[in-house]
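Have a look at the structure below before the remarks.
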Amino acid sequence: KAKAGGRNNIQFFDATIQQAISRRSHIEHGLKQAISRHELRLYYQPQVDSNGTMFGVEALLRWQKANGELVSPEQFIPVAEESGLINEIGLWVLQQACRQLVSWQQSSQTQALSIAINVSARQFLRSNYAAEVLYELTQSGARGERLKLELTESAVLQDVDAAKQKILQLKAVGVQFSLDDFGTGYSSLAYLKQLPVDQVKIDRSFVKDVTDNSGDAAIVEAILGICDSLALEAIAEGVETATQRDFLLQHGCGNFQGFFFSKPLPIEELMATFFPHSD
Ligand code: C2E
Ligand code: MG
Ligand code: MG
Ligand code: MG
């Protein structure tokens, strides 16, 4: 009986893996089509300072299928990373962001806005990554100072020296760096000290209950303390309420992003909402 049960378990296990594999290859196939059919779009989420003034945006990828359905990056980014499609997608994101920056550079109302883009570890770890960014900045005419690259700990920890070199090469033309999802990875403080990044992004998972969970509050306060000591800027992500914003503000965090201010928006909506009189 036990043996039969064991066999069933193995079969069940096989079937689950089979399903996962076919789901992945299904998404991968769809993603290749999405690229060729131009179904990828960038949404832009405002980032604001302590006065509530928008100083920039984070570009967030969306896959809008022909039937209008929006696919979340949480579903397709991991597949894009494993298949290597992320390099092509990431380049497209960079090019789009540069084009948007150039367009914003034309108007006094928008010329100070920055765009933060997410860079996967697999992209950043390529030896020609910095050269690729430099090339796109030059080609497009976008100012390096307006571009911010969001890296995760997994992108920088594998080879801290190589990461440092790439960061410095891009910082030389003004590009800024942010450590995304801070606090969720290994968060080695030794590497944080070594990395020439400008900003730390406090992960939304700590912000969520910051006002009613003393553990989360302690973590957020500790991160803000480290940022202060190391002269790093902090930005909180996932700010959904005024109470969260006020707590963060009182503890020294002066930059925010979250649904309380705005959800990510298509460019037309962003412009209509925040710059209704531009053009
Ligand atoms: P992330 O970089 O940490 O982006 C923040 C995520 O939090 C976004 O999810 C955003 O829509 C969401 N968010 C912002 N404010 C709030 C809030 O107040 N409440 C809640 N509940 N959520 C909020 P999104 O757009 O689904 O993106 C998920 C992740 O996918 C991103 O996390 C990033 O890791 C990845 N991603 C998105 N675009 C790209 C891209 O162009 N390239 C790469 N490599 N990864 C990307
Ligand atoms: Mg991000
Ligand atoms: Mg984040
Ligand atoms: Mg996050």
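For the stretch 230-251, how many residues meet the condition of being in a loop (DSSP other than H, G, I, E, B) and either of a type in the set (Phe, Trp, Tyr) or surrounded by 13 or more Cβ atoms within 10 Å (Cβ to Cβ) (or both)? Reasoning before the result, please.
As a first pass, look at the stretch 230-251 and keep what is in a loop (DSSP other than H, G, I, E, B): 230-232, 237-241, 251.
From what is left, the residues that are either of a type in the set (Phe, Trp, Tyr) or surrounded by 13 or more Cβ atoms within 10 Å (Cβ to Cβ) (or both) are 230, 232, 237-241, 251.
Total satisfying the criteria: 8.
If you scan the stretch 122-156, which residues turn out to be crowded, with 17+ Cβ neighbours inside 10 Å and within 20 Å of Gly183 (Cβ to Cβ)?
Phe124, Lys148, Leu149, Glu150, Leu151, Thr152, Glu153, Ala155, Val156
Please verify whether the stretch 14-34 includes one or more residues that are touching a strand residue (DSSP E or B) at 6+ places or on another chain (Cβ under 7 Å), modelled with pLDDT of 95 or more, within 30 Å of Tyr135 (Cα to Cα) and not charged (D, E, K, R).
no
Identify the single condition in (1) in a strand (DSSP E or B); (2) more than 21 Å from the chain's Cα centre (by Cα) that Asp212 does not satisfy, given that it satisfies every other one.
(1)
Right, Phe76: on the phi < 0 side of the Ramachandran plot, surrounded by 19 or more Cβ atoms within 10 Å (Cβ to Cβ) and at pLDDT below 95 or not?
Yes, satisfied.
Give the residues of the stretch 49-63 that are over 16 Å from the mean Cα position of the chain (by Cα), more than 17 Å from Leu101 (Cβ to Cβ) and of a type outside the set (S, T, N, Q), sorted by residue number.
Initially, the stretch 49-63 is screened for residues over 16 Å from the mean Cα position of the chain (by Cα), giving 49-55.
Filter again for more than 17 Å from Leu101 (Cβ to Cβ), leaving 49-53.
Selection gives Asp49, Gly52.
Please go through the stretch 84-97 and give me each residue that is over 16 Å from the mean Cα position of the chain (by Cα) and either surrounded by 14 or more Cβ atoms within 10 Å (Cβ to Cβ) or charged (D, E, K, R) (or both), ordered by number.
Filtering the stretch 84-97 for residues over 16 Å from the mean Cα position of the chain (by Cα) gives 84-85, 88.
Within the stretch 84-97, Leu85, Glu88 meet the criteria.
For the stretch 264-279, how many residues are of a type outside the set (S, T, N, Q), part of a loop (DSSP other than H, G, I, E, B) and surrounded by 13 or more Cβ atoms within 10 Å (Cβ to Cβ)? Walk me through how you get there before you give the answer.
Step one: list which residues in the stretch 264-279 are of a type outside the set (S, T, N, Q), which gives 264-272, 274-277, 279.
So of that shortlist, the ones also part of a loop (DSSP other than H, G, I, E, B) come out as 264, 275-277, 279.
Still in the list and also surrounded by 13 or more Cβ atoms within 10 Å (Cβ to Cβ): 264, 275.
Total meeting the criteria: 2.
Looking only at the stretch 200-229, which residues are polar (S, T, N, Q) and surrounded by 20 or more Cβ atoms within 10 Å (Cβ to Cβ)?
Listed by number, the list is empty, since nothing qualifies.
Just to check your reading of the model, which residue among Glu145, Glu132, Glu233 is closer than 30 Å to Arg99 by Cα and within 16 Å of ligand 3 (Cβ to nearest atom)? Walk me through how you get there before you give the answer.
On the way: Glu145 fails: within 16 Å of ligand 3 (Cβ to nearest atom); Glu132 fails: within 16 Å of ligand 3 (Cβ to nearest atom).
Unique residue meeting the criteria: Glu233.
How many of the residues in the stretch 64-83 are part of a loop (DSSP other than H, G, I, E, B), over 18 Å from the mean Cα position of the chain (by Cα) and of a type outside the set (Lys, Arg)?
4
Output the number of residues of the stretch 63-80 satisfying the condition of being within 16 Å of ligand 3 (Cβ to nearest atom) and either of a type outside the set (A, V, I, L, M, F, W, C) or farther than 15 Å from Glu28 by Cα (or both).
Here the count works out to 4.
More than 30 Å from Gln96 (Cα to Cα), of a type outside the set (A, V, I, L, M) and within 16 Å of ligand 1 (Cβ to nearest atom): which single residue out of Gln244, Gln250, Gln257, Gln199 fits that description?
Result: Gln244 is the single residue among Gln244, Gln250, Gln257, Gln199 that is more than 30 Å from Gln96 (Cα to Cα), of a type outside the set (A, V, I, L, M) and within 16 Å of ligand 1 (Cβ to nearest atom).
Pairs please, first residue from the stretch 35-55 and at negative phi, second anywhere and of a type in the set (Asp, Glu) and in a strand (DSSP E or B), Cβ atoms under 7 Å, 6+ apart in sequence or on different chains.
Note: pairs meeting the criteria are Gln45/Glu58; Gln47/Glu58; Phe55/Asp49.
Filter the stretch 188-199 for residues that are polar (S, T, N, Q) and surrounded by 18 or more Cβ atoms within 10 Å (Cβ to Cβ) and give the result.
Across the stretch 188-199, the qualifying residue is only Gln199.
Limited to the stretch 157-197, what total is found for residues that are aliphatic (A, V, I, L, M) and within 16 Å of ligand 4 (Cβ to nearest atom)?
1
Just checking: which of the helices (runs of 4 or more DSSP H) contained wholly in the stretch 108-202 hold 1 or more residues that are within 26 Å of Tyr44 (Cα to Cα)?
Those helices (runs of 4 or more DSSP H) span 121-124, 129-140, 153-157, 160-171.
When Leu265 is evaluated against the numbered criteria (1) more than 16 Å from the chain's Cα centre (by Cα); (2) touching a residue at least 12 places away in the same chain (Cβ under 8 Å), which criterion, by number, is the only one it fails?
The number of the failed condition is (1).
Is one or more of the residues making up the stretch 72-92 in contact (Cβ under 8 Å) with a residue 24 or more places away in the chain and in contact with a Ser or Thr (Cβ under 6 Å, 6 or more places away or on another chain)?
Yes, the stretch 72-92 contains at least one residue that is in contact (Cβ under 8 Å) with a residue 24 or more places away in the chain and in contact with a Ser or Thr (Cβ under 6 Å, 6 or more places away or on another chain).
The values are calculated or read from the model by the stated rules, or taken from the named source; none is laboratory data. Worth saying up front: this structure is predicted, and the values here are computed from it rather than measured. Every residue, glycine among them, receives a Cβ derived from its backbone with ideal geometry; neighbour counts consider all protein chains shown.
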